[in-house]
Every structure is written in C-alpha cells, then in structure tokens.
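Accompanying notes for the structure given below.
The values are calculated or read from the model by the stated rules, or taken from the named source; none is laboratory data. All values derive from a computational prediction rather than experimental measurement. Here the Cβ positions follow ideal geometry from the backbone for every residue, glycine too, while neighbour counts run over all protein chains shown. Surface accessibility is based on the protein's heavy atoms, side chains included, excluding ligands, DNA and RNA. Shrake-Rupley method; radii C 1.70, N 1.55, O 1.52, S 1.80 Å.
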Amino acid sequence: MVLFKKVLVANRGEIAVRVIKACQEMGVKTVAIYSDVDKDAPHVQLADETVGLGDPTPIQSYLNISKIIKIAQDVGAEAIHPGYGFLAENPDFAMSCDDAGVKFIGPSSKVIGLMGDKIAAKKTMEKAGVPVIPGYHGLKQDVSTLVREGKKIGFPLLVKAAAGGGGKGMRIVYSEDTLEESIESAKRESKSSFGDDTVFLEKYLDKPRHIEFQILADEYGNTIHLFERECSIQRRHQKIIEETPSPVVSKELRRRMGEAAVKAAQAVGYSNAGTVEFMVDGDLNFYFMEMNTRLQVEHPITEMTTGVDLVKWQLRIASGMKLTLKQKDLFQRGHAIECRIYAEDPRNGFLPSVGTLEKIEVPTGPNIRDDSGICTGMKITPYYDPLLAKLVVSAENREESIQKMIWALSHYVVMGVTTNISFLKKVLEHEEFRRGNITTHFIDNYFKDWTTAKKGLPVDAIIALAVYDLMHRRTHEVVRYKEADPHSPWKHVGRWRVGGI
Ligand code: MV4
C-alpha cells in the first residue's frame, strides 16, 4: 500500500496549514484552494499548487461541493482532506467524493450521516452497551408524548435538537410549568436552523464536564483510543481552553471510558480519526454525548502527550494502510494545554475584531507549539471563523503546564486586531481553574461581567506602558474608552494591548 501522491486540502487557516505540512513531510504533493480574500494567506503560500475559488462567501467558496470536486479532478488529486468545519462532516460531500473517485479523508458518508443524527447516534450507542444520558430519544414527536416523557425524566431537563449540536435548539427546563412551551420553542428554532424539528430530552446533569476521547481506526476494523481531552472551558458552546490529561480522570476511569469509546467507534464501523464526546457528571458517571467524525481543533494536545501525529495517520489510513499502533504501546507523557487565540474583543461582548495584522510575535521554546494560519499584512475579514492561532504547550505536570501557558500567552503579540489573549490568561490564573474545579459552566459562573469596558488610565500612562511592554515583548489587556470618540487620543493606542495593572 502506498500513500497518495497528491492531496487537495479543502479548508483554510491554521488547519489547512497543519494538513499541508503533514503531507509535505510525507512527500505528498498538496493543492490549496482559496477564496479571493485568501489569495496571499499562509496555506496558499505553502501549498505546491493553488486554485482560486473566487467569491469569498463560504457557500461560493469553501462550501462549494461541485466546484471543489471539479478542481480535485482537474489537478489530479487522489484524495481530499476536509480539515474541520466547512465540509468535514457533510455526508453529501463524502458521498460526492466517492462518486467522483476521489478519496475522502475521513469515515464513510454513512457513518457521518448516522452520527449527524443525534437520536440515531444515541440509539446506536445504547444498543452497543455504551452508557447514554438518561432521557427520551424516541421517534414519537407529538408535544403531548414529549411532555409526558419529560415529566417522567424529572427536572431540570434539557430539550435538544436531533439535528443540532453546539447548543442550537437547546432549552433548559426547570419545572413542569415551562415544559410545553420550551419543547415548542426548541422545535421552532430547530426547524429554522436545521430544517428539522425533531428533538430529544435529557436529564440535565449536575456539574457537567466535557471529556472526549480521540479514536483512530483503520479500514480493517483495528481501533485504538489516544486517551482523553478535557474541554470544559467553553464560551457560548465554543471551546477556548482544552487540556490533557483531565484533572478528574483516574487510571481506572480512563480505562473504562477508553473502552467505551473504542466500543462506540466499532459499533458503527468507524474508520479514520474521530472523537467520542462524553459528559461526565459531578459523581464521575460518564455518558456518550456525540461522536465527531472529523479531526478536532484541539487534536494537538493529544499529539503533544502521545507523540502520535494524527494527521499523518489520517493520510495513511485513508490510503489503505493498516493501523500499526497498538493500544498497549500508547501512553500519556506529561500534561498539555491548548488556548484558542481569537480575533475578538472580550471587553466588547466578544465581538469579532476585523483589521489588518500589523505585527505578530510568537513565543518559542521547548514544548511550545503555535498552529497558526496568519501572517503580517493579512486582513482578518468577517467571512470566516475568527480563530487566528492555537497556542499549545506541554510540561511535566498540570501546574507547570499552566505556568508555561501563561508565560507563552504573555509573549504572544498580535497587533492590528483585538484578541482574547488577556482573557485566556485571566482564566488560567483563576484559583478554581488551578484547582481543576471546572465544569462547562465555568466561564458563565466566574466571568459573567467580563465584557463591560473598564474605565481607562491616563493616556500618557497607557503609551508608556505600551512602549515598555513592546520592548519586553509583553501584552496586556485592552483599556480604552467605551465610546468611539474620533478626537480621543485613545484612538491612537486603541489597537495596542495595554493595561492590566
Ligand atoms: C448537557 C449539559 C448538561 N446535561 N447535557 C450540549 C451542547 C453543548 N455545547 C452544551 N451541552 C450541554 N449538554 C446534559 N444532559 C450541559 C451542556 C452545556 C450547557 C448547557 C446549558 C447552558 C450552557 C452550557 C454550556 C456548556 C454545556
């Protein structure tokens, strides 16, 4: 079995860069695709061949199935790597690849479709003996059935969309009084977001943690897990800090969850890289929540602690090679953390920040990894996800890893857009985070008021600090007036990351 000679990367940003580098290291030629606003982007500069998609709107570019498949055929690419997001979990895309004779680097279209239906996924897992969150996931969808089933579950409970994920169409119900209206409004939102109003009900778990397992499976049924990632630090259903190992997963729990994750993958004939998401409650009971049929954003922390290059394995598996890694040979070494650096303004409701990147300085050192898709001069536009980079560090243990990440964030400089760097540091510095006392509600619990702008320091102090910090390659949180006064001297320092004293 030999590797592909040429792969088309159907994505942009840091993940396109990550995949292109893995291909090149393995001697595989790469084809980048790009929209008009990405013509000078790093993934385009790095690739061996490039093809333009034109109009930057996602539907016309990175989501355009027929255009992308036509390009793959024209350039003679044998396979397409979808990255994450865009077409990565679209069963129609995987199917179109099959039909066009281009290998989709991921699981089968059938498995993607099955896992996209959260009810079908739960039923499959229940049948396979993987624990699922208690609730109702039946096909009877009339409101009176749902209300009756909801009362049986008890309160609080969650109404979730079968076609959903990411909190869309989700409602928390605290008592019988609001059950019916919550079901109806969840159905309405689900219909308008996904074109499907099927919902299911779950007991609302107390002190929930999001802990997921990385899976690799080849096309001959060999399946392994590469341990867990704790992803409980989220903001509006968007993960911002991930770590491994989880501070609450014991050896024994890891073994049981890992076995359940492998069982989940095998139950659906999974192949390639995937992630089994579990919710873990305050008593450390774990339940299958969903399976992500793609490479995850947070995959680097697994790579940092296991030494396994997941993207290379995706390529090998898709080209028909056997998984030669054995479960018994895998172990976790040290502790790794990833922080997602976004172009957004934590002081202004986390609104995406757009502009031209004027300066970027990246911390370097042993066990510091920067997966980024940005360069100076690049415009950050509102068209795509505002993720600029993923900063990943590893160290011997959790405490050292946190310290190291705080250092690394302090030496990460981005000028031209506002970033969440200072917010990430505040989270890492939080006493409860340091103790490992985290749940999916951590940000809501402890950083509720963070978006209100602080009153500014005198202008000369700001400028002095800015110069000082630049010289010392340090960044601070933004302190500026809330209102945009065109005559304000703040205008001139508004892009600088200043303050924090
Ligand atoms: C839950 C849960 C508690 N119990 N399910 C699902 C989608 C994910 N992004 C959030 N999800 C949750 N599912 C059960 N059975 C807690 C969450 C959850 C959450 C719920 C309500 C409000 C904010 C939340 C933030 C993270 C996780």
Study note, to complete from the structure: With the first residue restricted to segment 347-365 and required to be assigned to a loop (DSSP other than H, G, I, E, B) and surrounded by 13 or more Cβ atoms within 10 Å (Cβ to Cβ), and the second required to be basic (K, R) and at pLDDT 95 or above, Cβ contacts under 9 Å at 6 or more apart or on different chains are F350/R235; V354/K379; L357/K379
Study note, to complete from the structure: By residue number, the members of segment 7-21 that are touching a Leu at 6+ places or on another chain (Cβ under 9 Å), crowded, with 21+ Cβ neighbours inside 10 Å and closer than 23 Å to D385 by Cα are A10, N11, G13, E14, I15, A16, V17, R18, V19, I20
Check your understanding: Which members of segment 92-148 meet the condition of being assigned to a loop (DSSP other than H, G, I, E, B) and under 30 Å from H81 (Cα atoms)?
Key -> G101, V102, I105, G106, P107, S108, D117, V130
Review point. Which pairs have Cβ atoms under 7 Å, sit 6 or more apart or on different chains, and link a residue in segment 232-261 that is of a type in the set (D, E) to one that is part of a loop (DSSP other than H, G, I, E, B)?
Key: E242/E298
Revision key, fill the gap. Scanning segment 360-391 for residues that are farther than 25 Å from A32 by Cα and either touching a Gly at 6+ places or on another chain (Cβ under 7 Å) or not hydroxyl-bearing (S, T, Y) (or both) gives E361, P363, G365, P366, N367, I368
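Of the residues that sit in segment 225-255 and are among the basic types (K, R) and within 26 Å of K326 (Cβ to Cβ), which one is least open to solvent (accessible area, probe 1.4 Å)? Give the derivation first.
The initial filter retains those residues of segment 225-255 that are among the basic types (K, R), namely 229, 235-236, 239, 251, 254-255.
Right, trim to within 26 Å of K326 (Cβ to Cβ) and you get 229, 251, 254-255.
Values: R229: 1, K251: 175, R254: 36, R255: 113 Å².
So the residue we want is R229.
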**Study point:** Count of residues meeting criterion [near the ligand (Cβ under 9 Å from one of its atoms) and part of a loop (DSSP other than H, G, I, E, B)] in segment 195-206
**Key:** 3
Review point. Out of curiosity, is Q296 surrounded by 19 or more Cβ atoms within 10 Å (Cβ to Cβ) and under 26 Å from T124 (Cα atoms)?
Key: yes
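Would you check which residues across segment 57-84 are outside any helix (DSSP H, G or I) and open to solvent by 20 Å² or more (accessible area, probe 1.4 Å) and list them? Don't jump to the end; show me each part of the working.
Initial filter on segment 57-84 (outside any helix (DSSP H, G or I)): 57, 61-64, 76-84.
Hits for segment 57-84 are T57, L63, N64, G76, E78, Y84.
Please go through segment 378-412 and give me each residue that is of a type in the set (D, E, K, R), in a strand (DSSP E or B) and surrounded by fewer than 21 Cβ atoms within 10 Å (Cβ to Cβ), ordered by number.
Kept after step one, since they are of a type in the set (D, E, K, R), are these residues of segment 378-412: 379, 385, 390, 396, 398-400, 404.
Next cut, in a strand (DSSP E or B) only: 379, 390.
K379, the sole residue that qualifies.
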Review point. Restricting segment 419-448 to residues that are open to solvent by 10 Å² or more (accessible area, probe 1.4 Å) and assigned to a loop (DSSP other than H, G, I, E, B), which is farthest from the ligand (Cβ to nearest atom)?
Key: R435
Practice item. Would you please name the residue that is surrounded by the fewest Cβ atoms within 10 Å (Cβ to Cβ), looking only at residues in segment 140-163 that are under 24 Å from M115 (Cα atoms) and away from the ligand (no atom under 15 Å from the Cβ)? Key: D142
